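Following this message is one structure expressed as structure tokens.
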Amino acid sequence: MSRQESSVTVELPDGNTLDVPSGTTVEGVAYEIGPGLGDDTVAGKLDGELVSKADPVYDGATIEIVTPSADEYLQVMRHSAAHVLAQAVLRRYPDAKLATGPPTEEGFYYDFDGVDVDEDELDDLVAEMESILEDDLAIEREEVSIEEARERVAGDPYKEEILEDLASGERGADEDIETVSFYSQGEFSDLCAGPHVASTGQIGAVDLREIAATNWRGDEDEAPLTRVYGTAFESESDLEEYWERKEEAERRDHRRIGREMDLFSIPDHSPGCVHFHPDGMAIRRELEEYIREKNDELGYEEVWTPELNKTDLWKTSGHYEHFCEEDEMFHWEQASARTESDEGDEYGLKPMNCANHVHLYQRERRSYRELPKRYSEFGTCYRNERSGELSGMLRVRGFTQDDGHAFVRRDQIQSEVTRTLEVIDEVLDDFGLDVTFKLETQPDDSFGDDALWERAEEDLRSSLDALGEGYEVEAGEGAFYGPKIAADAEDAIGREWTVGTVQLDFVQPERFDLNYVGEDNDEHTPVMIHRALLGTFERFMGVMIEHFAGRFPLWLAPEQVRVLPLNEEVLGYAHRLKNDFHADGFRASVADGDDTLQRKIRRAHDENVPYMLIVGPDEEAAGTVSVRDRAEREGRDVDPDEFREHLRAEREEKRLDPDFLDE
RNA sequence: GCCGGUGUAGCUCAGACUGGUAGAGCGAAUCCUUCGUAAGGAUUAGGCCAAGGGUUCAAAUCCCUUCACCGGCUCCA
């Protein structure tokens, strides 16, 4: 292929290539393809990166044209909406200093200094923004020299900083930069790489969500800023739909449902520590039993080790150093007045279970024939998470992991990890959860040498490949002792939470000097695999509550069947039915208060009971029941034995929704 | 931890700006009602207004401190 100085070649999404004169912009390429496309061009993507339509293309780039029908359009529009917000804020607060205002997954935000708004004023700001949209101001791009840009941003400390970073090539700029771009609309102008829509009128609908505080560059030591969150959509109806989704997320909030269904509480006297109420514990017990079965299948031996250890243990393992750096370990010197010794011993609450399992491994001399040696434990750990991090059951200080450690030979790593991943996949599938695997690699504060890390990451990669489900890589997110695979489940609000994990650890076996006697009669160092299928019972239950919105599958439901007697005459029949369910291990009750039937039904629905059995004199006489499920379906003249048999199957197969009344 | 907000009955919230006897709905208890597929009626009980300090003749209300929670930032299972 001959390539001249004056032309560049770009690759189009369909795989074809196009030669255009050097310096041609994204928009120029679009016109080259077709005038209609050119007219529609809003922005472009060069090698996947969103750029302005005025950006020149470069040789070898893969180019995509962003038009109003593209997914990226929303992002562009929201970026423009952020500018409109800044413009509106400046109209009301002329002295405000602008920091940054990017689009986000859900909308956009803009950070300001010198703005003191409260939630009540958001409506006024929205009105101001809407008037800017109505004015349909043209959004214009301007390329200016660094020198001129300096003059323009003079007195705006944050913009000055951004500009200087750009000028010195620090913020991702790969070449010397001579010019920067400004975007302006009406009296407003902002240093910005773009891209943007052509005019403010093209932003369909905007709204502001909330005010939050942040710091310049997200750094606590930097200046505090006020962040205003908003969102924008192409139409009012899309915006309304968005708010409905937010409301749905709020209705599903596990803290709200947990209180309403009386599942758990986190009292002020133990922040970050979940108290499981009887109904919440019923769910946890099911989860525990389920995981025990899985652990049995995987060949784990269940153990229990204490929460309290001397910190010496954690100093050997490296946890002490790691956790104390962030002040995350609960530890103290225990005064020893009784022994009159000068110094007390230092104790701590375990932040992880692994060191205790190492002790169990280490107690005996191990042969290669014993490996993999696997210990599992529902171990309760404590970490002193910073107060601002705590969040219901999802982020806590005291938590119980469905933990397990496998001590393996190097040649066993891949099959062991793959098998564990398969089971995690299977487990999360039983809950109907979408899961994404992430490979998290060596962090900055890692222990152990790089060659070990490389090898460990390679092992995990090949296990993930063997699983064949695809995965994402998160660089630098691994544990300090080894890389890990995180199984992330998505909650109702679209947040992803790490539930299961598999972590490789070459470091602790060395620090504890673990070994086994190999076939060759020499000592070898085993590798530790840390893993959890659900992660922690606390977090997993929180995710479950939101995922099911409190409408748990039969096997997890705190109350599975409620018998609703029509009147006092049939109380005896109702209780006999309930006792039959109890005999089958079901959680069942009789609504024997003096409420009306309608009221009893209403309550059972409010409490998300999967099945209601309504019985009156007719049913008693016929020896039948009337079944109603929480999806408001009804079935009359049902044989109770047949129903119970169905229930056993529904429970056993962990079906997600009551299906006795399915057609 | 940082920035902002909130804390009143078991729950959801009025009352606070402008200091002057603490309110409602739901829930609970009791009684009436004995009911056929999402709220029958009446009565009663429930609060050291998060905790501590201050201002004042007087504080749920104004000020300060602490604690907890919520939303972000940052950090993690």
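Only the coordinates and a few stated rules stand behind these numbers; no lab work does. For clarity, every value in this text was computed on a predicted model and none was experimentally measured. Neighbour counts are summed over all protein chains in view; Cβ atoms, including those assigned to glycine, are modelled from backbone coordinates with ideal geometry.
On C-alpha positions alone, give me the angle between the axis of helix A:122-135 and the longest principal axis of chain A, in degrees, nearest 10.
With both axes taken from Cα atoms, the answer is about 40 degrees.
Go ahead and run the numbers for FRET between A:Asp312 and A:Asp429, Cβ-Cβ distance against an R0 of 51 Å, rounding to 0.05. It would help to have the intermediate numbers written out before the result.
On the way: r = 42 Å, r/R0 = 0.83.
E between A:Asp312 and A:Asp429, to the nearest 0.05, is 0.75.
Taking amide hydrogens as modeled 1.01 Å from N in the peptide plane, which residues meet the under 5 Å criterion relative to A:Gly616, leaving out close sequence neighbours?
The list, which skips near neighbours in sequence, is A:Leu566.
What ranking, highest mean first, results for peptides A:555-563, A:261-269, A:536-544 when packing means the other Cβ atoms within 10 Å averaged over each residue? Each step should come with its number before you reach the end.
Numbers: A:555-563: 23.3, A:261-269: 15.3, A:536-544: 25.7.
So the peptides A:555-563, A:261-269, A:536-544, ranked by packing, come out A:536-544, A:555-563, A:261-269.
Relative to the longest principal Cα axis of chain A, at what angle does helix A:236-252 sit, 0 to 90 degrees, rounded to 10?
Helix A:236-252 and the main axis of chain A meet at about 30 degrees.
Please report the equivalent ellipsoid semi-axes of chain A, computed as sqrt(5 x eigenvalue) of the Cα gyration tensor, largest first, in whole Å.
Largest first, chain A gives 51, 38, 27 Å.
Output ³J(HN,Hα) for region A:363-374: one whole-Hz value per residue in order, computed from phi by the Karplus curve 6.51 cos²θ - 1.76 cosθ + 1.60 with θ = phi - 60°, and x for Gly and Pro.
5, 10, 6, 9, 9, 4, 5, 7, 7, x, 9, 10
While we're looking at this one, here's another question. Residues in region A:637-653, backbone N under 13 Å from the label point at A:Leu597 (7 Å along the Cα-to-beta-carbon vector): list them, ranges by number please.
Counting backbone N atoms under 13 Å from the label point, the list is A:637.
I've got another one for you. What spacing in nm lies between the two simple spin-label points modelled at A:Ser235 and A:Glu328, each 7 Å away from Cα in the Cβ direction?
With each label placed 7 Å out from Cα toward Cβ, I get 4.7 nm.
State, to one decimal in nm², a quarter of the convex hull surface area for the C-alpha atoms of region A:601-653, i.e. the direction-averaged projected area.
Values: hull surface 15.5 nm².
That works out to 3.9 nm², a quarter of the Cα hull's surface.
Projected onto the charge dipole of chain A (+1 at Lys/Arg Cβ, -1 at Asp/Glu Cβ, origin at the Cα centre), which of A:His405, A:Ala232, A:Cys192 gives the Cα projection farthest towards the positive end?
A:His405
Let me ask something else about it. Given points 7 Å out from each Cα along the Cα-Cβ axis, report the A:Asp135 to A:Asp465 separation in nanometres with one decimal.
5.8 nm
Starting from the Cα-Cα distance between A:Glu151 and A:Thr214, subtract it from 0.36 nm times their residue separation and give me the gain in nm to one decimal.
The span from A:Glu151 to A:Thr214 would gain 19.9 nm if fully extended.
Under the Karplus relation 6.51 cos²θ - 1.76 cosθ + 1.60, θ = phi - 60°, what is the ordered set of whole-Hz ³J(HN,Hα) values for region A:302-315, x standing for Gly and Pro?
Those phi angles translate into 7, 10, 9, 10, x, 6, 9, 9, 6, 5, 3, 4, 6, 6 Hz.
While we're on this one: Put +1 on the Cβ of every Lys and Arg and -1 on every Asp and Glu Cβ in chain A; which of A:Leu504, A:Leu133, A:Gly36 then has its Cα farthest towards the positive end of the dipole?
Of the candidates, A:Leu504 comes out farthest on the positive side.
Gain in length, A:Glu161 to A:Asp450, computed as 0.36 nm per residue apart minus the alpha-carbon separation, to one decimal in nm? Let's see the in-between values first.
Values: separation 289, 0.36 × 289 = 104.04 nm, distance 3.57 nm.
Gain on extension, A:Glu161 to A:Asp450, equals 100.5 nm.
A further question on this structure: Report ³J(HN,Hα) in whole Hz for each residue of region A:630-645, in order, from the Karplus equation J = 6.51 cos²θ - 1.76 cosθ + 1.60 where θ = phi - 60°; Gly and Pro get x.
In residue order, the calculated couplings are 6, 8, 6, 8, 10, x, 9, 6, 8, 6, x, 5, 5, 4, 5, 5 Hz.
Follow-up question, since we're still on this one. Once you put a point 7 Å from the Cα of A:Glu477 and another 7 Å from the Cα of A:Asp19, both along the Cβ direction, what distance in nm separates them?
4.4 nm
Here's another thing I want to ask about it. Working out 0.36 nm times the residue gap between A:Ser189 and A:Glu634, then minus their Cα-Cα distance, what length gain in nm do you get to one decimal?
Details: separation 445, 0.36 × 445 = 160.20 nm, distance 6.33 nm.
Length gained between A:Ser189 and A:Glu634: 153.9 nm.
Between helix A:157-167 and chain A, what is the angle of the helix's C-alpha long axis to the longest principal axis, kept within 0 to 90° and rounded to the nearest 10?
Orientation of helix A:157-167: about 80 degrees from the principal axis.
Follow-up. With unit charges on the beta carbon (Lys/Arg positive, Asp/Glu negative), name the residue among A:Asn215, A:Pro271, A:Ile203 whose Cα is farthest towards the positive pole of the charge dipole of region A:156-302.
Towards the positive end, the residue furthest out is A:Pro271.
Under 18 Å from a point 7 Å along the Cα-to-Cβ line of A:Glu321: which residues of region A:503-532 have their amide N that close?
What the label zone holds, given the 18 Å backbone N cut-off, is A:505-514.
Shifting gears a bit: Here is the link list: A:Lys373/A:Lys654; A:Lys315/A:Lys350; A:Lys53/A:Lys97. Which ones come out longer than 23 Å on Cα distance? Let's see the in-between values first.
Details: A:Lys373/A:Lys654 30 Å; A:Lys315/A:Lys350 12 Å; A:Lys53/A:Lys97 28 Å.
Distance filter (> 23 Å) returns A:Lys373/A:Lys654; A:Lys53/A:Lys97.
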